[in-house]
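Asks: Below you will find the structure I want to go over with you.
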Amino acid sequence: MRSLYIHFPFCETKCHYCDFYSIGREKTRPEDAGTFEKSLVAESKREAHRLSSQINTIFFGGGTPSMTDPDSMARAIEPLQLGNRVHAATEWTMEANPSSVDRDRIKEYKKLGVNRISMGVQSLNDERLVALGRVHGESQALSALDELFSAGFKNVSVDLLCGVPDQSDEELEAAMKRLLSFPITHLSCYLLTLVKGHAMYKKLPDEDTQLRHLLLIDRVMRENGFEHYEISNFCKPGFEAKHNLAYWKRQGYLGLGPSAHSYDDQAQMRWKNTSNLARYAEILEQGESPIEWNEALSAEQLEIERWMLALRLSEGVPESWLTSSNQRQKATIYHREGLIETHPNDPTRLRLTARGFALSESIMSGLIH
Ligand code: SF4
């Protein structure tokens, strides 16, 4: 496997909308950081053999990896011998939150090999940040970005949310422009989704507003020289998130840490670790594997994923994939409605337009079936 993901499960506090596996500080016991380090060492030893001698991408996600002591991080991954496996073009990303960007620590992560930061800004409006349960404010987000660039990071991505209750178009555009005043190379912008019954669910904007937000983001980012290369992702030319591209192109990756997923592209097997730190630690302590489930992908699953993953990307799909008359009819309708287009650089391919990206779920199901 040429891609590695490590899940760091701790956060300052649990954001109101988050469904990743993470534990807020208020629920963390003093010994948990040490337990996690020890368990990750054990898992790294067990799994190192799956990694290729040359790794193309590493992603430290979570949770909030930037809360982890860099020495502890280095000890935890030592058995993976990453120093021998990374090469000049390896992309090594670490997720960070503005509240945990510390000048000295980020220099240490850089020494470890991290060369790309993905920062969870989400909004530059303090009211919105409080409503989302974020612990940082606008000024902390901006000074954290300053710190990253001062520390010499040249590949910085920012996460932003749209479709947030009470977020106006003007506010969203102003936030993007402020963020674009930094030399960021990448922006991920997700539509806020909440489960029914969530306290904020009824305040979510209607579908027209959500669509307007998504189209606004597409316009502003493109006007600023970014490519809309995936449904929710924009990059300066050449700065696609290589790690995520490995997922979308269904290449193999090894996931370590509680709740991490892995995919073996040779065996077409996928598996997931337990999403419980105590259980993860206990199992590894007993010398067992923390894998909670695994599955061999069926031919049908592989076919559906092939379509869904390809349609996510601006590369789109070869027109020759439309084999049934139903698919061709749907494609004609989507073309007419401006939801798909012929790829401007390759007339044999079809891809989603910005509007199509915003309505991708229904188009995917229309084209696949
Ligand atoms: S910081 Fe990120 S991972 Fe942690 S709770 Fe918030 S959204 Fe979830």
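Asks: Okay, which of region 222-236 sit inside 15 Å, backbone N to the point 7 Å along the Cα-Cβ direction of K154?
Replies: 236
Asks: Any chance you could look up the accessible area of K203 with a 1.4 Å probe, heavy atoms only, rounded to 10 Å²?
Replies: It works out to around 120 Å².
Asks: Let me ask something additional. Under the rule a/c < 1.5 gives rounded, and otherwise a/b versus b/c splits prolate from oblate, where does region 53-147 land using the Cα gyration tensor?
Replies: Prolate shape, in that a/c is at least 1.5 and a/b is the bigger ratio.
Asks: How many nm is it between the label spots at H16 and Q329, if each spot is 7 Å from the Cα in line with the beta carbon?
Replies: The answer from the label model is 4.5 nm.
Asks: Among S53, S66, S314, which one shows the biggest mean-square fluctuation in a GNM of the chain, springs joining Cα atoms closer than 10 Å?
Replies: S53
Asks: Subtract the Cα-Cα distance of E26 and S320 from 0.36 nm times their separation in residues, and report this length gain in nm to one decimal.
Replies: My answer for the length gained is 100.4 nm.
Asks: Among all the lysines, which ones have a C-alpha under 30 Å from K202's C-alpha, if same-chain residues fewer than 8 places away are not counted?
Replies: K14, K27, K177
Asks: Stretch A267-E305 to full length: gain in nm at 0.36 nm per residue minus the Cα-Cα span?
Replies: Stretched fully, the A267-E305 segment lengthens by 12.1 nm.
Asks: If you take the square roots of the eigenvalues of the alpha-carbon gyration tensor of region 141-220 and sort them as a ≥ b ≥ c, do you get rounded (a/c under 1.5), prolate (a/b over b/c) or oblate?
Replies: Since a/c reaches 1.5 and a/b is larger than b/c, the shape of region 141-220 is classed as prolate.
Asks: Okay, next question. Return the single residue from W92, W271, W293 with maximal mean-square fluctuation; model: Gaussian network over the chain, springs between Cα atoms under 10 Å.
Replies: W293
Asks: Between L112, L172, L124, find the one with the highest GNM mean-square fluctuation for the chain; connect C-alpha pairs within less than 10 Å.
Replies: L112
Asks: Right, another one. Quick check: pseudo-label points 7 Å beyond the Cα along Cα→Cβ at K196 and N84, how many nm apart are they?
Replies: Each label point lies 7 Å from its Cα, and together they span 5.4 nm.
Asks: Listed highest first by mean packing, meaning other Cβ atoms within 10 Å per residue, what order do 77-89, 256-268 come in?
Replies: 256-268, 77-89
Asks: Give the Rg/Rh ratio for region 310-368, taking Rg as the radius of gyration of the Cα atoms and Rh as the Kirkwood radius, to two decimals.
Replies: 0.91
Asks: Please get the size of the charge dipole for the chain, origin at its Cα centre, with Cβ charges of +1 on Lys and Arg and -1 on Asp and Glu, quoted in debye to the nearest 20.
Replies: Here the chain has a charge dipole of around 560 debye.
Asks: Return the Cα extents of the chain along principal axes one, two and three, sorted largest first, each rounded to a whole Å.
Replies: Result for the chain: principal-axis Cα extents of 59, 48, 44 Å.
Asks: For R178 and A33, what is the calculated FRET efficiency with R₀ set at 35 Å and r taken between the beta-carbons, to the nearest 0.05?
Replies: Efficiency, rounded to the nearest 0.05: 0.55.
The values are calculated or read from the model by the stated rules, or taken from the named source; none is laboratory data. Just so it is clear, the model here is predicted, and its values are computed rather than measured. Glycine also receives a Cβ, built like all others from the backbone with ideal geometry; neighbour counts cover every protein chain displayed. Each accessible area value is taken on the protein alone, full model and side chains, heavy atoms only, with ligands, DNA and RNA left out. Shrake-Rupley method; radii C 1.70, N 1.55, O 1.52, S 1.80 Å.
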